[in-house]
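J.: There's a structure below that I have some questions on.
The values are calculated or read from the model by the stated rules, or taken from the named source; none is laboratory data. Computed from a predicted model, the values in this text were never measured in an experiment. With ideal geometry, Cβ positions are generated from the backbone for all residues, glycine too; neighbour counts draw on all protein chains shown.
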Amino acid sequence: MSKVAHYLQEHLLGEVMTSADARRYFATDGSIFSVMPSLIVYPRNENDVRKTARFAWQLAERGRVIPITARGSGTDQSGAALGSGIILAFPAHMNRIVELDPKNGVVIVEPGLNYGRLQQTLHTHERFLPPYPASYEYSTLGGAVANNSAGEKSVKYGATRGYVKSLRVVLANGEVIETFRLGKRELSKKLGLSTFEGEIYRALDALLDENRELLDKLDLAVTKNAAGYALADIKRPDGSFDLTPLFVGSQGTLGVVTEITLETEDYNPTKELFLAEFDSLEQAEKAVLGLRDLPHLPSAMEMVDGQLLELVDRLNPNLLKGIVSKPFPKVALLVEFDDAERLRKKLVKKADKILRECAAHVSHEHEPAAQDRLWKLRHAAASVIGHSEGQLKAVPIIDDGIVPPAKLSEFITKVYQLFAHEQLQVAIWGHAGDGNIHLQPFLDLSQIGDRQKAYRLLDEYYKLIISLGGSTSGQSGDGRLRAPYLSNLYGSEVYGLFSKVKQLFDPYGTLNPGVKVGVALDDIKPLTRSDYSLAHLYDHMPRS
Ligand SMILES: Cc1cc2nc3c(=O)[nH]c(=O)nc-3n(C[C@H](O)[C@H](O)[C@H](O)COP(=O)(O)OP(=O)(O)OC[C@H]3O[C@@H](n4cnc5c(N)ncnc54)[C@H](O)[C@@H]3O)c2cc1C
């Protein structure tokens, strides 16, 4: 065991592991990359996190940088949950609901708490946390906050950032801070602190004031955005100041979150669900735009394309039985309303009219069992993610792009052209109401030709999104994969501002380096693993 591991083991309550097995397990996440960590820490409490950060800071002051990567369940598909130094694995022990106030809908949790477990608990109190990612049964709240995750309900409810009220965060030097919206007087107290926290407040306040006009460039014409650092909502015109929106979505590159206070919504289990089948992308887009114009947005507007239906029909024909039949539509769209009864009835009537004007076939269910059956159509996308044909696997390299909803059909048409050019099949699914789609080409990353194809596709795809006025990351974060495109997305001045923010919070580069800023394509290509799989999701850690 190294000296570093030894020191940590003596000073922390949680376990420290350096075994080849444990390191191998944490060397992959849900991305196509692999980075071998030097050791794993399973913190038992905030003090363990604080001591680890403090130790890394002191070593860095003496010229030895050991990266710290916070980790939830490692489902991240951008390579953000990987690091070459210390992995802080939160699900092992820091996985509790600390406090739940069902009356006000506020819940305080530790970052390693499983999202699905929280959701179950909230449901029993008729509440829910709406921006849950599709991976919520495996992933953690810490990961959702760090990625500003979003999901099928985000078209109406938005992304995670909107639900985080306050955070406890361990800074790079081991100081612990609490973030929430500060009034002018509270801010001036922070500005006067002689600590690292005070330094951050002073420098960030000045940086935001000096770069006010640049902040407008962060406001892309998309409905959700997880690319870069969210600098726009820190300082409001009323003089209030909050670091919370910045930490949300920062992927562990500015601080390590140890406690999260979340707001939740009323949960209405009674819903109405439409299935609409379209003969063309243009008609599907017209329906989406019509539905977006309703006085209240649907709680979901999710699509799968005809090619996904063909693939699922080939792999698992029973899944589609009684839901859609051949010849499959170009697009199938699920539209859900979860409003209270009176409003729901009104909206359903209007939605029915919009859908019937555009779709070739429309059906409508209000029984939960029948709705579950229809949802299978959308969740069939999982068949693609888990499928392999020989050495060919569905790889997450060009996922998560988002465009303005009015560009949806142009976007998908150009994606089809891109794939045809590379002689690849493509199946598309995702959040049509947000213009945010998923697709994973089948490639064999052990073959040089397919690797080259992957990086060609990556380049063309993200350039296409930027040319359509979209964002390279709608909901899962830049990580390593999309980080090389951040400067193209926002321009070099905004990118320069991101770099200054990173430098301010993390002067020695100990916090998840190689993620979000300062990343070039040449940095990530050598990290590509030839044996992509989600095998790491099988559990492997101590638990309390
Ligand atoms: C099949 C599949 C479907 C997915 N669907 C979605 C989706 O619908 N929407 C979506 O947004 N994402 C999706 N994802 C991506 C990912 O699952 C989510 O972003 C999820 O919220 C990550 O949670 P996690 O616990 O796995 O975090 P990890 O992967 O462990 O970490 C994610 C990031 O959070 C940071 N982090 C974790 N804990 C902390 C902490 N305590 N402090 C600071 N930083 C921390 C990590 O350093 C890393 O940068 C999907 C992934 C898969 C494999």
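J.: How many residues, within region 61-88, are more than 11 Å from the ligand (Cβ to nearest atom) and either in contact with a Pro (Cβ under 9 Å, 6 or more places away or on another chain) or among the hydrophobic types (A, V, I, L, M, F, W, C) (or both)?
T.: Result for region 61-88: 5.
J.: Name the pairs: first residue in region 120-143 and farther than 25 Å from SER31 by Cβ and without any contact (Cβ under 8 Å) to a residue 24 or more places away in the chain, second residue more than 10 Å from the ligand (Cβ to nearest atom) and in a loop (DSSP other than H, G, I, E, B), Cβ to Cβ under 9 Å, at least 6 apart or on different chains?
T.: If the second residue must be more than 10 Å from the ligand (Cβ to nearest atom) and in a loop (DSSP other than H, G, I, E, B), the pairs left are THR124/PRO102.
J.: Still on this structure, please answer the following. Would you call GLY162 more than 13 Å from the ligand (Cβ to nearest atom) and more than 25 Å from THR510 (Cα to Cα)?
T.: Yes.
J.: Still on this structure, I have one more. For residues that are assigned to a strand (DSSP E or B), touching a Leu at 6+ places or on another chain (Cβ under 7 Å) and of a type outside the set (Phe, Trp, Tyr), tally how many sit in region 262-284.
T.: The number of residues fulfilling the criteria is 4.
J.: Under 6 Å between Cβ atoms, which residue pairs at least 6 apart in sequence (or on different chains) link something in region 366-392 that is modelled with pLDDT of 95 or more with a partner that is surrounded by 15 or more Cβ atoms within 10 Å (Cβ to Cβ)?
T.: Close Cβ pairs (under 6 Å, with a partner that is surrounded by 15 or more Cβ atoms within 10 Å (Cβ to Cβ)) amount to GLN371/LEU273; GLN371/GLU365.
J.: Identify, by number, the condition in (1) aromatic (Phe, Trp, Tyr); (2) more than 24 Å from the chain's Cα centre (by Cα); (3) in a loop (DSSP other than H, G, I, E, B) that TYR229 doesn't meet.
T.: (2)
J.: In addition: Please go through (1) hydroxyl-bearing (Ser, Thr, Tyr); (2) buried (at least 23 other Cβ atoms within 10 Å of the Cβ); (3) under 15 Å from the mean Cα position of the chain (by Cα) for TYR138 and return the number of the only condition it doesn't satisfy.
T.: (2) is the only condition that TYR138 fails.
J.: For the list (1) in a helix (DSSP H, G or I); (2) within 22 Å of THR258 (Cβ to Cβ), I need the number of the one condition that ASP21 fails.
T.: With (1) in a helix (DSSP H, G or I); (2) within 22 Å of THR258 (Cβ to Cβ) applied to ASP21, the lone miss is (2).
J.: Scan region 232-276 for residues that are among the aliphatic types (A, V, I, L, M) and under 22 Å from the mean Cα position of the chain (by Cα) and jot them down.
T.: Matches in region 232-276: ALA232, ILE234, LEU243, LEU246, VAL248, LEU254, VAL256, VAL257, ILE260, LEU262.
J.: Scan (1) within 16 Å of the ligand (Cβ to nearest atom); (2) crowded, with 24+ Cβ neighbours inside 10 Å; (3) at pLDDT 95 or above for the single condition ALA284 breaks and write down its number.
T.: (1)
J.: Here are VAL288, VAL324: which of them is under 21 Å from ALA134 (Cβ atoms), in contact with a strand residue (DSSP E or B) (Cβ under 7 Å, 6 or more places away or on another chain) and in a loop (DSSP other than H, G, I, E, B)?
T.: VAL324
J.: What are the residues in region 227-267 that are more than 19 Å from ALA159 (Cα to Cα), more than 16 Å from the ligand (Cβ to nearest atom) and not aromatic (Phe, Trp, Tyr), if any?
T.: LYS235, ARG236, PRO237, ASP238, GLY239, SER240
J.: Using the structure shown, decide if GLN251 is outside any strand (DSSP E or B), under 30 Å from ALA369 (Cβ atoms) and modelled with pLDDT of 95 or more.
T.: The answer is no for GLN251.
J.: Still on this structure: Quickly run through region 39-60 and pick out the residues that are part of a strand (DSSP E or B), within 13 Å of the ligand (Cβ to nearest atom) and of a type in the set (A, V, I, L, M).
T.: Once the filter is applied, which keeps residues that are part of a strand (DSSP E or B), within 13 Å of the ligand (Cβ to nearest atom) and of a type in the set (A, V, I, L, M), region 39-60 yields ILE40, VAL41.
J.: Continuing with this model, one more query. Hey, among the residues in region 277-333 that are among the polar types (S, T, N, Q) and under 28 Å from ALA406 (Cβ atoms), which one's nearest to the chain's Cα centre (by Cα)?
T.: Selected residue: SER299.
J.: So which residues in region 460-483 are in a helix (DSSP H, G or I), farther than 19 Å from GLY30 by Cβ and touching a residue at least 40 places away in the same chain (Cβ under 8 Å)?
T.: Matches in region 460-483: GLU460, LEU464, ILE465.
Results for (1) of a type in the set (D, E, K, R); (2) not in a strand (DSSP E or B), shown as yes or no for each residue.
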| site | (1), (2) |
| --- | --- |
| ASN173 | no, yes |
| GLU178 | yes, no |
| LEU187 | no, yes |
| SER194 | no, yes |
| GLY198 | no, yes |
| TYR201 | no, yes |
| LYS217 | yes, yes |
| ALA221 | no, yes |
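J.: Return a yes/no flag: does region 78-86 have any residue that is more than 15 Å from GLY514 (Cβ to Cβ) and either in contact with a Phe, Trp or Tyr (Cβ under 7 Å, 6 or more places away or on another chain) or surrounded by 17 or more Cβ atoms within 10 Å (Cβ to Cβ) (or both).
T.: Within region 78-86, none of the residues are more than 15 Å from GLY514 (Cβ to Cβ) and either in contact with a Phe, Trp or Tyr (Cβ under 7 Å, 6 or more places away or on another chain) or surrounded by 17 or more Cβ atoms within 10 Å (Cβ to Cβ) (or both).
J.: Does PHE274 count as over 22 Å from THR413 (Cα atoms) and either of a type outside the set (Lys, Arg) or touching a strand residue (DSSP E or B) at 6+ places or on another chain (Cβ under 9 Å) (or both)?
T.: Yes.
J.: Mind checking which residues of region 235-248 are surrounded by fewer than 22 Cβ atoms within 10 Å (Cβ to Cβ) and in a loop (DSSP other than H, G, I, E, B)?
T.: Once the filter is applied, which keeps residues that are surrounded by fewer than 22 Cβ atoms within 10 Å (Cβ to Cβ) and in a loop (DSSP other than H, G, I, E, B), region 235-248 yields ARG236, PRO237, ASP238, GLY239, SER240, ASP242.
J.: Looking only at region 454-504, filter to residues that are of a type in the set (Asp, Glu) and more than 16 Å from the ligand (Cβ to nearest atom); which one of those is surrounded by the most Cβ atoms within 10 Å (Cβ to Cβ)?
T.: GLU460
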